[in-house]
1. Read through the list (1) more than 30 Å from PHE478 (Cα to Cα); (2) surrounded by 24 or more Cβ atoms within 10 Å (Cβ to Cβ), then give the number of the only condition that VAL396 fails.
2. Suppose we filter ALA312, ALA250, ALA234 for residues that are out of contact with any Cys (no Cβ under 7 Å at 6 or more places or on another chain), crowded, with 21+ Cβ neighbours inside 10 Å, at pLDDT 95 or above and at negative phi; which single one remains?
3. So for the range 40-63 (the condition being more than 30 Å from THR524 (Cα to Cα), surrounded by fewer than 23 Cβ atoms within 10 Å (Cβ to Cβ) and more than 16 Å from the ligand (Cβ to nearest atom)), does at least one residue qualify?
4. Among residues belonging to the range 263-277 that are surrounded by 16 or more Cβ atoms within 10 Å (Cβ to Cβ) and part of a loop (DSSP other than H, G, I, E, B), point out the one that is nearest to the chain's Cα centre (by Cα).
5. For the range 186-208, name all the residues that are more than 12 Å from the ligand (Cβ to nearest atom) and among the small types (Gly, Ala, Ser).
6. Working carefully through the options LYS322, LYS365, find the one that is over 30 Å from PHE181 (Cα atoms) and surrounded by fewer than 21 Cβ atoms within 10 Å (Cβ to Cβ).
7. Within the range 435-455, does at least one residue satisfy the condition of being over 30 Å from PHE188 (Cα atoms) and not basic (Lys, Arg)?
Amino acid sequence: MKKWFRIAGLGSALFLPGILFAQQSMELPALKQEAVAEVDRLQTLTQQMVDEIFSYSELGFQELETSRYVTGILEKNGFRAERGMAGIPTAWVATYGSGKPVIAYITDVDCIPRASQKPGVAYHDPVIEGAPGHGEGHNSGMAVNITAALALKKLMDGHKIAGTIKIFPGVAEEILGSKAFYVRAGLFKDVDIVLGTHVWHEFSTSYGTGDGKWSGLVSVQYFFHGKAAHAAGAPWDGRSALDGVSLMNAGWEFRREHLRLQQRSHYVIINGGDQPNVVPSEAAVWYYFRELDYPHIKSLYGIGNTMAEAAAKMSDTTVDRKLVGSAWPPFFNKVIAEAQQKNIETVGMPKWSEADQTLAKALQKEIGAKVEGLKEKIEPLKEPEKNPIGGGSDDVGDISWNVPMVYLMYPANIPNLPGHSWANAVSMATPIAHKGSTAGAKVQAMTALDFLLQPELVKQAWDYFRNVQTKEIHYESFLAPEDKPAIEMNKEKMEKFLPQLKKYYYDPAKYKSYLEQLGITYPTVKAQP
Ligand SMILES: [Zn+2]
């Protein structure tokens, strides 16, 4: 058994005779079983990672504790870590093994402003009022990928399987801030297959444009500059930067009616001036321009820039802009998705306890959503939606247009939640997230084995990528050469809460779980009236 693994691992294995592939696929199920057993053995570590990253609650570009913690685990286990990738302090890559194929894992690590929430409690009850929190569940992805990578490493060592495993963090995903820069820095140049993963309430994968509820975007901040003056004593001497912002927003609202229905655009005023008796010399507004494809996003961005310049003219101010994020709409690989779907079906949904279901139903009731508890069934792989309507964005899209990639959705959250809110944090350091992450890790390890041991499958994935996906559409970055990662973002917000957050960091040496550390009875639900 060991001998042919060694042969299969050689770089030239793409052209090995068919008989060898037959042997490999006979061995593959046994290896997958071994990977599953290893992931089960690592359950305590998986739970600790989920809980510890939950307790760090770090916003995009400020994922310092999370990076230190997870690279530490990987280095202790023989992975080589490089830090500060693509000019981003919290971006790193950890590598194990050598040679082809190169399989990369990626998952997000950042959290959501104001989403602080006690886990296991089915109503709004923040750990720290106003603090950031894992209101999307990005605390669980690294537990999934690292558990899978550790299990794989053991198999690669034990069976002399050749190939390279790389792990990347999705830094600042909530502001779509890192992946276009990763691509520009060439971090995926030597990568053959990317296995991304993201928390969800279903256990699923997809290909092409998936369910059609993805948009790409450009995220850009406009800074207006005016002239300060006494707002009552000499208003004629002032020029209000806030007027610039207000006129731009008014212009956008009029224009909105004449845009394609597929567009989604939204803004927040990030600086509205200091106090009413001072004509604001500085004001700023932050826009997300979302559309279904590169040309339409680019056009929307162009309209935004025109609006900003016109508003500056009307208010006699000046304006400049900073691109803070961008994302292509994701497009996933059919060959990888089909292999992954089989693994999802083999692993199956986690076994939810009565307590898990009670928490889920109580939360659904609390927020006025459909009360149906946690999902218990796996759906078959669906054909991509023919008429995409757009929706959220994820900057893994940029990676998916450069390397064959899929996104495994693992079941660690509760269905029917609003997203980006405290409600989405409720399950994220409870047995729901722990079990869902273990299930996800199994599929991540099994799918990597599919591609480590079947070179023909790697070739098929690239055929699909070259001859179907990118036959007519070619990747062009939204980034201009002068654009830089917005690494200073969230710094102040994070520093404000850091002293309080530190008091609540999870200590696995003292407590079996974060629920235990916080003294939370699982589940905590409102009494029935
Ligand atoms: Zn996310």
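1. Only one criterion in (1) more than 30 Å from PHE478 (Cα to Cα); (2) surrounded by 24 or more Cβ atoms within 10 Å (Cβ to Cβ) is unmet by VAL396, namely (1).
2. That would be ALA312, the only listed residue that is out of contact with any Cys (no Cβ under 7 Å at 6 or more places or on another chain), crowded, with 21+ Cβ neighbours inside 10 Å, at pLDDT 95 or above and at negative phi.
3. Scanning the range 40-63 turns up no residue that is more than 30 Å from THR524 (Cα to Cα), surrounded by fewer than 23 Cβ atoms within 10 Å (Cβ to Cβ) and more than 16 Å from the ligand (Cβ to nearest atom).
4. Ranking the qualifying residues of the range 263-277, first place goes to GLN263.
5. If we filter the range 186-208 for residues that are more than 12 Å from the ligand (Cβ to nearest atom), which is where we start, we get 186-195, 201-208.
The answer is GLY186, SER204, SER206, GLY208.
6. Result: LYS365 is the single residue among LYS322, LYS365 that is over 30 Å from PHE181 (Cα atoms) and surrounded by fewer than 21 Cβ atoms within 10 Å (Cβ to Cβ).
7. Within the range 435-455, the first condition is being over 30 Å from PHE188 (Cα atoms), and the residues that meet it are 435.
Remaining after also requiring not basic (Lys, Arg): none.
The answer is no, given that none of the residues of the range 435-455 is over 30 Å from PHE188 (Cα atoms) and not basic (Lys, Arg).
Residue by residue, here is whether (1) within 16 Å of the ligand (Cβ to nearest atom); (2) outside any loop (DSSP other than H, G, I, E, B); (3) in contact with a Gly (Cβ under 6 Å, 6 or more places away or on another chain) holds:
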| residue | (1), (2), (3) |
| --- | --- |
| ALA86 | no, yes, no |
| VAL93 | no, yes, no |
| GLY130 | no, no, no |
| THR164 | no, yes, yes |
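The values are calculated or read from the model by the stated rules, or taken from the named source; none is laboratory data. Because the structure is predicted, anything quoted here is derived from the model rather than measured. Because the Cβ atoms are built from the backbone with ideal geometry, glycine has one as well, and the counts that use them run over all protein chains shown.
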